[in-house]
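Below is one structure, written out as structure tokens; comments come after it.
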Amino acid sequence: MARSKAWVTPCLAFLGPRRSAGLCFFAEFAYSWPPCLPRRMKRYYCKRVFFIPVTFGLIMILPVLQYPDPRLAGTARPIAEITPEIRVLAQNMVETMYARDGVGLAAPQVGAALRLVVIDISGPEKREDLRVLVNPALVLSGEQIDSEEGCLSVEGYSASVTRREKVHVEAQDIDGNPVSFDADGRLAVCCQHEHDHLDGILFIDHISRLKRTMLDRKVQKRSR
């Protein structure tokens, strides 16, 4: 693995995020072959695994975990260092969010227990307000407001949720630079929604017990 990381890092800087997304994933895959595999076979697989995704700029659309997957209820751990793998994860999360017409996505929703979220409340025709937040922290303020919310991890369901009107966000961007901004309205709601995911909380945890019971029954019927 040390060899793959040393080889991948300069390529990430050279190829840019779209091509490096495919490169980093396949680098890990290519070097995961057993040591006993003949060198000629390793070269054969590496050529086909590395250069095809790099040439076409492969980006992965990640599967989104669905409620009641227990991984959605876990607490995400802080990101100590922004590695090339974290950058690739963030890029793939952005592409997954856009592909599903979402406005936000948290790393736990794609099976990564890390404090990382991506948000873009613009669109869906144009996407021009992307925010990648590493280790975000929120300070809530303002009055309580009701908003209609849905979630990529609870498909086909929406409900009214009570949130705070304003938030102050402190985080890092994907380059490790400090990020600080105030948000209200839809952006404030989205920040609270995605931050909840990092603590294992879904928006349906805020609805009434009756509505939750009805949703659980619906999910059970769907899974039969």
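The values are calculated or read from the model by the stated rules, or taken from the named source; none is laboratory data. Please read these numbers as outputs of a predicted model, since none were measured by experiment. Cβ placement follows ideal geometry from the backbone for every residue including glycine, while neighbour counts extend to all protein chains displayed.
If you take the residues in region 68-78 that are touching a residue at least 12 places away in the same chain (Cβ under 8 Å) and surrounded by fewer than 18 Cβ atoms within 10 Å (Cβ to Cβ), which one is farthest from Leu116 (Cα to Cα)?
As a first pass, look at region 68-78 and keep what is touching a residue at least 12 places away in the same chain (Cβ under 8 Å): 68-69, 71-78.
Those still in the list that are surrounded by fewer than 18 Cβ atoms within 10 Å (Cβ to Cβ) too: 68-69, 71, 73-75, 77-78.
Values: Pro68: 21, Asp69: 19, Arg71: 15, Ala73: 16, Gly74: 14, Thr75: 12, Arg77: 9, Pro78: 8 Å.
The selected residue is Pro68.
The set of residues from region 145-179 being surrounded by fewer than 14 Cβ atoms within 10 Å (Cβ to Cβ) and within 15 Å of Asp129 (Cα to Cα) is empty.
Could you tell me whether any residue of region 148-161 is within 28 Å of Gln220 (Cβ to Cβ), assigned by TED's automatic domain parsing to the domain that holds Pro84, outside any strand (DSSP E or B) and at pLDDT 95 or above? Looking for residues that are within 28 Å of Gln220 (Cβ to Cβ), assigned by TED's automatic domain parsing to the domain that holds Pro84, outside any strand (DSSP E or B) and at pLDDT 95 or above, one finds at least one in region 148-161, hence yes.
Would you say Asp101 is farther than 13 Å from Glu194 by Cα and in contact (Cβ under 8 Å) with a residue 12 or more places away in the chain? Show your work before the answer.
Values: farther than 13 Å from Glu194 by Cα: yes; in contact (Cβ under 8 Å) with a residue 12 or more places away in the chain: yes.
Spelling it out, Asp101 is indeed farther than 13 Å from Glu194 by Cα and in contact (Cβ under 8 Å) with a residue 12 or more places away in the chain.
When Ile207 is tested against (1) more than 15 Å from Leu133 (Cβ to Cβ); (2) out of contact with any Lys or Arg (no Cβ under 7 Å at 6 or more places or on another chain); (3) surrounded by fewer than 17 Cβ atoms within 10 Å (Cβ to Cβ), exactly one condition is not met: (3). Would you please name the residue that is farthest from Arg163 (Cα to Cα), looking only at residues in region 202-224 that are without any contact (Cβ under 8 Å) to a residue 40 or more places away in the chain and not in a helix (DSSP H, G or I)? Only one residue tops the list, namely Arg224. The condition of being part of a strand (DSSP E or B) and either under 30 Å from Ile82 (Cα atoms) or polar (S, T, N, Q) (or both) holds for Val132. Of the set (1) surrounded by fewer than 19 Cβ atoms within 10 Å (Cβ to Cβ); (2) under 26 Å from Gly123 (Cβ atoms), all apply to Glu81 but (2).
Within region 182-204, being more than 20 Å from Ala113 (Cβ to Cβ) and out of contact with any strand residue (DSSP E or B) (no Cβ under 7 Å at 6 or more places or on another chain) holds for Gly185, Arg186, Leu187. Please verify whether Ile174 is outside any helix (DSSP H, G or I), over 16 Å from Ile121 (Cβ atoms) and in contact (Cβ under 8 Å) with a residue 60 or more places away in the chain, treating the condition exactly as stated. It is true that Ile174 is outside any helix (DSSP H, G or I), over 16 Å from Ile121 (Cβ atoms) and in contact (Cβ under 8 Å) with a residue 60 or more places away in the chain.
Can you tell me how many residues in region 181-192 are more than 13 Å from Leu140 (Cβ to Cβ) and in a helix (DSSP H, G or I)?
Looking only at region 181-192, we keep the residues that are more than 13 Å from Leu140 (Cβ to Cβ), and these are 181, 185-187, 190.
Keeping just the survivors that are in a helix (DSSP H, G or I) gives 185-187, 190.
Of the residues in that region, 4 qualify.
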